[in-house]
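Working notes, beginning with the structure itself.
The values are calculated or read from the model by the stated rules, or taken from the named source; none is laboratory data. Here the structure is a predicted model, which is why all the values come from computation and not from measurement. Calculation scope for accessible area: heavy atoms of the full protein, side chains included, ligands and nucleic acids excluded. Shrake-Rupley method; radii C 1.70, N 1.55, O 1.52, S 1.80 Å.
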Amino acid sequence: MIPEFIGRLPILAPLDPLDEEALMRILTEPRNALVRQYQKLFEMEGAELEFSAPALQEIARRAKARDTGARGLRSIVEEIMTDIMFELPEIETKGKYTVTEKVVRGEAPLFETPAASDKKSA
């Protein structure tokens, strides 16, 4: 059959929504997974990044709640990591950082920032 003819046939393919476990696998298993991409970015800055299992579950839970599926994972992870990526180059002593469930929810920072009284004024 020629491609022009096949393209005119109506084809419907129902898809089942992804569950949280499948979304977590999408975050971690592919060769170019989001988690690996951010780990590589942290390595380039001389730091190490790790995502805890509860953090991955919370990200998957948010994607499921938004009903965005796998496409929504990137926007959720970027929302969490954008500020962190801007702060990372300014940190003098870099080490191992773990993204926890509290970091995903915005209840705790990934980096401990010095108190306002510790800053020197000009």
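Data table
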read-out: Computed [θ] at 222 nm, helices only, for the chain once each DSSP H run of length n ≥ 4 contributes -39500 (n - 2.57); value: -15500 deg cm²/dmol
read-out: Calculated P(r) of the chain - Cα pairs past 22 Å, %; value: 46 percent
read-out: Placed amide H near residue 99: partners under 5 Å, 5+ positions off or other chain; value: 50, 51, 52
read-out: Candidates 16, 67, 83: whichever shows maximal mean-square fluctuation once the chain is modelled as a Gaussian network with Cα springs under 10 Å; value: 16
read-out: Accessible solvent surface per residue of the chain, calculated while the other protein chains remain in place, 1.4 angstrom probe, Å²; value: 74 Å²
read-out: Set of aspartates and glutamates near residue 102 by C-alpha distance (under 13 Å), chain-local residues within fewer than 8 positions excluded; value: 58
read-out: For region 29-44, 3J(HN,Hα) per residue [Karplus equation, 6.51 cos²θ - 1.76 cosθ + 1.60, θ = phi - 60°, Hz, x = Gly/Pro]; value: 7, x, 4, 10, 4, 4, 4, 5, 4, 5, 4, 5, 4, 5, 4, 5
read-out: Solvent-accessible area, 1.4 Å probe, carbon plus sulfur percent, for the chain; value: 52 percent
